[in-house]
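One structure is given here, and the rest of the page talks about it.
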Amino acid sequence: MPCPSAHDQDRNRHRSGVAWSKMAIRTILTNPRYTGYQCWNRQRKDEVLVNVRDVALGHTTRLRWNTGDKWVRSDKPAHPAIINLDSFDQVQAKLATRGATTTKVKPRRTPRPYIFRGLLFCGVCGRRMQGQWLHGMAYYRCRFPEEYALAN
């Protein structure tokens, strides 16, 4: 199945259409609508004061995510499913356990300093540049081609 940007090139001229992005797949696996059922109450609107010390400035509306137990799912499927409910539940269980490990994780250490770590972005695709060490010097490169299966 072609990725969304390859399916409709006219609307996605700014994208290459090479392959599915990781975030597109993650969105499908975490959105309950792709199971075929309609889902409500995933987000709520909270009224937040602009400035706590100056109430006269008013408030702004913020969308906040509700927990999964507050979601309301339709009784019958509303449209064809892309993923089944079992796969969806397995993904939710897997994502819920991320970061909840009891083993101690050692902090990452690199023998080489990367001064611009996390600060440089690719001018072509907008992704974060990654540091690379060559001939005693640090340089930064975009890893976009390695992120997509068809580009390899």
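The values are calculated or read from the model by the stated rules, or taken from the named source; none is laboratory data. The model shown is predicted, which means the values in this text are computed figures rather than measured ones. Here the Cβ positions follow ideal geometry from the backbone for every residue, glycine too, while neighbour counts run over all protein chains shown.
Results, tabulated for the structure shown:
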{"quantity": "Residue pairs meeting the criteria (Cβ under 9 Å; at least 6 apart or on separate chains; first closer than 13 Å to Ile82 by Cα, in region 20-32; second of a type in the set (D, E, K, R))", "calculated": "Asn31/Arg42; Pro32/Arg42; Pro32/Arg73"}
{"quantity": "Only listed residue being basic (Lys, Arg) and at pLDDT 90 or above, chosen from Lys22, Lys70", "calculated": "Lys70"}
{"quantity": "Those helices (runs of 4 or more DSSP H) lying entirely in region 1-119 with at least 2 residues of a type in the set (A, V, I, L, M, F, W, C), surrounded by 10 or more Cβ atoms within 10 Å (Cβ to Cβ) and on the phi < 0 side of the Ramachandran plot", "calculated": "22-30, 85-97"}
